[in-house]
Structures are given as C-alpha cells and as structure tokens.
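Everything below concerns the one structure shown next.
The values are calculated or read from the model by the stated rules, or taken from the named source; none is laboratory data. Here the structure is a predicted model, which means the values were calculated and not measured. Don't worry about glycine lacking a Cβ; one is built from the backbone with ideal geometry, like all the others, and counts go over all protein chains shown.
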Amino acid sequence: MHDRFYRSLYRIRRVEEEIIRVYPTDKIKSPVHLSIGQEAVSVGVCEALRADDVVFGSYRSHAVYLAKGGDLKKMIAELYGKATGCAKGKAGSMHLVDAAHGVMGASAVVGTTIPHAAGYAYALKLRRKDSVVVSFFGDGGADEGVFYESLNFAALKKLPMIFICENNSYAIHTHQLCRQPTANIAERARVFGVPAERIEDDVLRVHERVGAAVKALRAGEPGPFFFECLTYRWKEHVGPNDDFHLGYRTREEADPWMKNDQVKRLAGLLEADQRRRIESEVEAEIQAAFAFAEESPFPDGSELFTDMFK
Ligand SMILES: Cc1ncc(C[n+]2csc(CCOP(=O)(O)OP(=O)(O)O)c2C)c(N)n1
Ligand SMILES: [Mg+2]
C-alpha cells in the first residue's frame, strides 16, 4: 500500500516541478494553480476510491486529476493548449476533466462544482448505484452561499457524497480569519447533521478516515460525510513561483508544513530499491507526457466554435 501512495504522491509532485521548469518558456498557455504541498489530501482520498467513483474539483486540481487516474498525457497537452488535451486544448489547467476516469470536472469559478457533485450524487442515489461522489473545494469555497445550499441539500437527501474541504488557510492572499469569524469549517457541517471531522496533514490518516466513510456509504449508510483537511500551499496562489516576499504570510508559518512533507515521509517508508524503481518509472512517464504535448498539434481554426456553450 505504501508503494502505491508513494507513486501517486511522487508523480504529482514531479509533474508540477516539471510544469515549474517549463513555465518560463511560455509553452504552457494556461495559468497554473499548483498543488505542491497539498498532494496528501488528493492521494489519501482518491486511494480510497474505485474507478467508478467520481470527483469534482476546483481550479487547483492537478493533484485530484492525477490521483483519481486522469490521463497524464492529456493533462499536459491541455496545459499546452493542444488539440490532444483532455478538453481539446480549449480549457487549460483550471478545467481538467477525464470522465473515463471519474474526473468529472473542475472550474475557475470558486464553489461552482459543489452543486454539480451534489447533483451527480442525487442521480446515483435515484439509480441505486453504490459508487460515491467526492467534492473537493477550498476554505475559500466555504465562503460561498452555494456551499451551504449544497450541504443542506446533500444532508436532506442523504446523498452518497463526501465533502473534502482543503483548508490551506488562504483564499489568494487573504487569511481565513480575515474572512470567516471561526476557523473550524467541519463544525459548520455538523449543524446540518452531517458527520464531520478535521484531519491534520497526514496522507495515511486521510486515507483511513475517508476510506471508512466510503465503506459506510457503499454499505448503504446515509450520507453525506464531511472532512476538513488541513494543508498548506507552498507556491504562490497562481503561477510557478514562491511568494513569501509579498508579506501576506511568512516563511516561518510555512516551515512546519514543509518539514511534514508527505512525499518525503512516504519515501522513507519504502526500501531504497523499490523507491528508485517507482521514481524511474514515473520520470519516464513524465518525459513521455511532455514530449506528447510538445509534438501534438494546436486545435484547428475550424474548431473555434465547437463544444462552446452559447
Ligand atoms: C465566485 C468567485 N469569486 C471569486 C473568485 C476569485 N478567486 C479566485 S481563486 C480565489 C480563492 C479561493 O480560495 P480557496 O477556495 O481557499 O482555494 P485555494 O486557492 O486556496 O486552493 C478567489 C476568491 C472566483 N474565481 N470565483
Ligand atoms: Mg484556500
């Protein structure tokens, strides 16, 4: 099990490090909201899911997409704006989608995929399926009215759904406590009668607790479940750089989170040979994905108005 977790964590980290390396060339035609530092949430959750479970995310969804099994080549091609991208090169990093692998979509507009997830869960319930839906959103997503409406509806209809709030303490440059009178978001979910927990930055713990919720939902226990996963964004809100010089947060605040790096932690749980094998396989896969994106064509001009909503 640790090898699977490590492969997924390491793969996400290395993909984003490659994005950082390539970004200054301007080949990546999309803003990028990196998940570096937050991988443990996506990996802990998605390792508890089956292929037929589905996830919905925010614009910061590289980790969720990859952890759920989204196609890496199509993701990188999407960032390059190429026709072979997961959204035909028209949507970029903020709108990753891979329905074949249960990644149902992500959106640049904060909170908007939470009701989509609730709607999908309602459909599953009506069809008596035993798959589950996971909605990923940030602490800023919990500022939105639609979050409370969706939570209310999911609790009322007892939907097979798991809310995952990735609380990294910031919405862009504004600390949670400058936006919300109390920090504990899980506590708010309990008001709706929803079982809710806060989990520290620990991939194994996230997996254990979310895994128990998934098992309960599959056994027919009424949903939803709610988890507030405490985490920390290492890079700037959007883009490949550090931003500690901006002054809205300090290096000292980040240090304990960086020391608790779950990628390194899992690396330390593996035999050296096993770890090296995983790393070289992942590196080869990443090389191939970037080469695929480089070699792929841009969408044809005739495609400009196809798949557009108007
Ligand atoms: C409805 C809406 N309001 C405001 C914005 C501008 N905006 C973009 S990202 C963001 C911060 C959201 O923070 P959070 O949900 O905590 O996610 P994080 O970036 O920390 O992952 C805001 C306010 C937006 N995209 N959509
Ligand atoms: Mg946040």
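Considering the conditions (1) surrounded by 12 or more Cβ atoms within 10 Å (Cβ to Cβ); (2) among the charged types (D, E, K, R); (3) within 30 Å of Tyr148 (Cα to Cα), Arg277 is excluded by exactly one of them, (3). Only one entry of Ala67, Ala99 meets the criterion of being aliphatic (A, V, I, L, M), modelled with pLDDT of 95 or more, crowded, with 20+ Cβ neighbours inside 10 Å and under 17 Å from the mean Cα position of the chain (by Cα), and that entry is Ala67. For Glu253, state whether it is surrounded by 14 or more Cβ atoms within 10 Å (Cβ to Cβ) and acidic (Asp, Glu). No: the conditions fail for Glu253.
Among the residues of this structure, Ala293 does not count as one that is loosely packed, with under 14 Cβ neighbours inside 10 Å, touching a residue at least 40 places away in the same chain (Cβ under 8 Å), in contact with a Leu (Cβ under 9 Å, 6 or more places away or on another chain) and of a type outside the set (S, T, N, Q).
Looking at the stretch 1-22, can you tell me whether even one residue there is without any contact (Cβ under 8 Å) to a residue 60 or more places away in the chain, farther than 21 Å from Glu208 by Cβ, not hydrophobic (A, V, I, L, M, F, W, C) and not in a helix (DSSP H, G or I)? Checked the stretch 1-22: no residue is without any contact (Cβ under 8 Å) to a residue 60 or more places away in the chain, farther than 21 Å from Glu208 by Cβ, not hydrophobic (A, V, I, L, M, F, W, C) and not in a helix (DSSP H, G or I).
Within the bounds of the stretch 48-62, is there any residue that is without any contact (Cβ under 8 Å) to a residue 60 or more places away in the chain and either polar (S, T, N, Q) or touching a strand residue (DSSP E or B) at 6+ places or on another chain (Cβ under 7 Å) (or both)? Yes.
Looking only at the stretch 97-133, residues that are within 16 Å of ligand 1 (Cβ to nearest atom) and on the phi > 0 side of the Ramachandran plot come to 2 in all. Does the stretch 186-205 include one or more residues that are modelled with pLDDT of 95 or more, away from ligand 1 (no atom under 16 Å from the Cβ) and aromatic (Phe, Trp, Tyr)? The answer is yes; a qualifying residue exists.
Being surrounded by 18 or more Cβ atoms within 10 Å (Cβ to Cβ) and either of a type in the set (Lys, Arg) or in contact with a Leu (Cβ under 9 Å, 6 or more places away or on another chain) (or both) is a property that holds for Glu16.
One residue stands out in the stretch 232-283 among those that are assigned to a loop (DSSP other than H, G, I, E, B) and of a type in the set (S, T, N, Q): the one that is nearest to ligand 1 (Cβ to nearest atom), namely Asn241. So, Ile172, is that one within 16 Å of ligand 2 (Cβ to nearest atom), hydrophobic (A, V, I, L, M, F, W, C) and surrounded by fewer than 22 Cβ atoms within 10 Å (Cβ to Cβ) or not? Yes; evaluated as a whole, the condition is true for this residue.
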